[in-house]
Amino acid sequence: RASEAPPPSFEETEAILRRASEARTEGGSPPGFERTMLWRDDQKKFVNAGEPQTRLDDPCLQGLTIEPGEVISRINKARGKGGRLDLTGIGLTKVPDEVWTLTDLTDLQLSNNKITRIPDDVGNLAELERLGLAGNRLTEIPEGIGGCECLEGLWAHGNLIGRVPDAVGRCERLRHLMLAGNRIRELPASLGDCKYLEELSVPGNRLESLPETIGGAYMLRVIDVHGNRIARLPDSIARLKSLEELSAQGNLLTSIPDDVGEMRRLVRLNVAENELSSLPKGLGDAAMMTTLWCYGNPALRSLPMSLAKNVSLKSVWCEGCDALEGDGVRELVEALPTRKGGVAATIGLDLAQCTRAGLKIRPATELDVNAAGGLACEHPHVAVSEIPGGGSVSGGDGNNPGADAPNAPGRYSRGYFKHVRWTEDADAPVLIVAFGSAPGVPNWGGLLRKLRKDVLARGVACAGGAGADAAAAVEAAAVGFDVLYVADVTRSWYHGDGIGGGTASNDEAGR
């Protein structure tokens with residue numbers, strides 16, 4: 001009625017509620033207090049007027065690498081549509097509750113802290129597109145993640161996660177799911193509902209299988225399951241017609257689906273260090289496949305002849321496959337140069353395999369581009385690896401002999417090595433050895449790529465300059481540095497098992 005006093009303004013009501021909130025903090029909730037939603041014209045929506053306010057003396061802000069006031073400042077700056085909040089590497093053990101009220105947040109980075117739990121309140125962040133949780137102490141992904149309907153990328157590698165909830169399937173826009181180096185034993189069937197998923201990275205876990213529903217995620221381009229315990233790949237994986245890279249090194253595979261050859265976009269297939277006895281006859285029909293790694297499968301008896309017809313194929317690495325029949329190896333070696341175009345793919349063989357195949361071996365010269373260990377073959381497209389003690393192997397890629405293969409004297413040793421040269425025709429004066437945090441995905445990779453760009457940029461900028469510093473920058477850009485990436489899928493720092501294969505005693509010692 002006109003005689004009644006007008007309602008309080010937004011600012012007046014906000015002040016009243018703030019005082020009520022302070023009173024509740026000091027002595028409990030005031031009588032009759034209810035949290036109120038108010039309309040804000042500038043945001044065109046209702047907002048929670050009683051949102052909790054992070055205080056300078058909040059226990060979760062103590063002992064950090066930055067001042068509590070800086071955390072509060074970052075939270076305040078993240079408010080509003082399209083907000084981004086970066087609390088990476090500041091020593092957090094608990095995320096301030098206020099973060100879960102920032103409903104317009106699109107990017108939240110909490111990696112490299114000491115966080116043990118993410119609450120279900122994360123589901124309040126319905127606009128969130130990127131969530132970084134890597135390098136914490138999380139044991140699970142909360143069910144509330146399903147409320148993040150706009151989530152496109154979840155980075156949670158390097159934690160202690162043992163379970164991925166079914167709710168992740170409700171993140172229908174999810175494109176990147178990065179879970180390397182955890183303790184995950186099973187992935188939910190709901191992953192097949194993630195129709196936009198492009199990259200699934202779960203190396204270094206405890207997986208024994210992949211869900212059969214994985215074939216429903218038809219946009220997948222990369223699947224990486226290095227260093228798990230998978231004995232069988234689901235048949236539905238062959239339905240992933242967009243898949244470009246499948247990495248299953250260091251598992252327990254005894255076979256791979258026969259229809260893999262129908263994956264027309266498959267470029268790289270890594271099934272090294274498994275228990276394969278055969279490969280699909282039609283594997284070479286994967287028309288875009290450039291590289292096949294199948295080394296370290298002692299029971300593998302033959303290689304499919306369809307590989308010789310694949311004009312995209314650049315290299316096949318099969319060292320350490322002790323059961324490979326010599327006649328079949330020789331037939332494939334001789335057939336490779338006859339494919340369309342006449343340029344043979346490189347095939348990596350160990351000395352014992354060459355001997356069984358009756359291939360002539362001689363000392364390598366500087367003209368033998370595929371010579372990996374001082375030996376060369378009568379067929380120039382064969383890269384020969386000498387195996388000390390008759391059991392380990394060394395192989396590589398077409399440009400870098402010795403890359404992407406294990407090497408341990410006396411017996412075959414599981415592992416991942418990758419040699420990245422500064423230039424193709426010479427060794428750099430400096431070699432950086434980078435140990436990875438997950439098989440095949442060393443955590444130094446991004447930093448070293450940035451360093452390379454910086455060194456090259458400084459060289460260009462200093463070209464023609466005067467003085468010793470300019471000359472040094474130009475020289476550094478010219479000679480650079482080589483990098484040897486190292487990962488070992490049997491080490492406990494990947495999946496929590498002991499070096500000896502994950503016995504109960506090793507698990508107990510690890511704990």
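Within segment 143-157, work out how many residues are open to solvent by 10 Å² or more (accessible area, probe 1.4 Å) and either touching an Asp or Glu at 6+ places or on another chain (Cβ under 8 Å) or farther than 13 Å from V202 by Cα (or both).
6
Out of L191, L160, one residue alone is of a type outside the set (G, A, S), in contact (Cβ under 8 Å) with a residue 12 or more places away in the chain and open to solvent by less than 10 Å² (accessible area, probe 1.4 Å). It is L191. Based on what the data block shows, is D507 of a type in the set (D, E) and either under 24 Å from N159 (Cβ atoms) or at pLDDT 75 or above (or both)? In short, yes.
With respect to being assigned to a loop (DSSP other than H, G, I, E, B) and either under 23 Å from the mean Cα position of the chain (by Cα) or under 13 Å from Q53 (Cα atoms) (or both), G89 fits the description. Answer yes if at least one residue in segment 407-430 is at pLDDT 85 or above, touching a strand residue (DSSP E or B) at 6+ places or on another chain (Cβ under 8 Å) and either open to solvent by less than 70 Å² (accessible area, probe 1.4 Å) or in a helix (DSSP H, G or I) (or both), and no otherwise. Yes, segment 407-430 contains at least one residue that is at pLDDT 85 or above, touching a strand residue (DSSP E or B) at 6+ places or on another chain (Cβ under 8 Å) and either open to solvent by less than 70 Å² (accessible area, probe 1.4 Å) or in a helix (DSSP H, G or I) (or both).
Here's the yes/no breakdown for (1) over 14 Å from E152 (Cα atoms); (2) surrounded by fewer than 21 Cβ atoms within 10 Å (Cβ to Cβ); (3) charged (D, E, K, R):
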residue	(1), (2), (3)
T103	yes, yes, no
T106	no, yes, no
N113	yes, no, no
D120	yes, yes, yes
N124	yes, yes, no
E127	no, yes, yes
G135	yes, no, no
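Return yes when A477 is surrounded by 12 or more Cβ atoms within 10 Å (Cβ to Cβ), more than 16 Å from D427 (Cβ to Cβ) and modelled with pLDDT of 85 or more and no when it is not.
Numbers: surrounded by 12 or more Cβ atoms within 10 Å (Cβ to Cβ): yes; more than 16 Å from D427 (Cβ to Cβ): yes; modelled with pLDDT of 85 or more: yes.
For A477, the condition - surrounded by 12 or more Cβ atoms within 10 Å (Cβ to Cβ), more than 16 Å from D427 (Cβ to Cβ) and modelled with pLDDT of 85 or more - is met.
Reported count of residues in segment 448-464, each being more than 30 Å from V225 (Cβ to Cβ) and either at pLDDT below 85 or basic (K, R) (or both), is 3.
Every residue in segment 71-111 that is in contact with a strand residue (DSSP E or B) (Cβ under 7 Å, 6 or more places away or on another chain) and within 16 Å of L61 (Cβ to Cβ), please. The answer is R74, I75, A78, L85, D86, L87, T88, V99, L110.
Suppose the filter is in contact with a Leu (Cβ under 8 Å, 6 or more places away or on another chain), in contact (Cβ under 8 Å) with a residue 60 or more places away in the chain and open to solvent by 20 Å² or more (accessible area, probe 1.4 Å); does R175 pass it? No: the conditions fail for R175. Quickly run through segment 92-121 and pick out the residues that are touching a residue at least 40 places away in the same chain (Cβ under 8 Å) and not in a loop (DSSP other than H, G, I, E, B). Answer for segment 92-121, where residues must be touching a residue at least 40 places away in the same chain (Cβ under 8 Å) and not in a loop (DSSP other than H, G, I, E, B): D97, E98, T101, T106. Considering only residues in segment 179-188 that are touching an Asp or Glu at 6+ places or on another chain (Cβ under 8 Å) and surrounded by fewer than 22 Cβ atoms within 10 Å (Cβ to Cβ), the one that is farthest from I145 (Cα to Cα) turns out to be R185. All conditions in (1) modelled with pLDDT under 85; (2) out of contact with any strand residue (DSSP E or B) (no Cβ under 7 Å at 6 or more places or on another chain) hold for A472, with the sole exception of (1).
Of all residues being small (G, A, S) and under 22 Å from the mean Cα position of the chain (by Cα) in segment 237-278, which is surrounded by the fewest Cβ atoms within 10 Å (Cβ to Cβ)? Just the residue, please. Step by step, filter segment 237-278, then rank; the result is S242. Here the condition is being open to solvent by 10 Å² or more (accessible area, probe 1.4 Å) and among the β-branched types (V, I, T); of V222, V202, it holds for V222 alone. Taking the criterion of being buried (at least 16 other Cβ atoms within 10 Å of the Cβ), polar (S, T, N, Q) and farther than 25 Å from E273 by Cβ, no residue of segment 323-356 qualifies.
The values are calculated or read from the model by the stated rules, or taken from the named source; none is laboratory data. Bear in mind that the values here come from a model prediction, so they are computed numbers and not experimental data. Note that we place each Cβ from the backbone using ideal geometry, even for glycine, and neighbour counts take in every protein chain shown. Ligands, DNA and RNA are stripped out before the accessible areas are found, and what is left, the full protein with its side chains, is counted by its heavy atoms. Shrake-Rupley method; radii C 1.70, N 1.55, O 1.52, S 1.80 Å.
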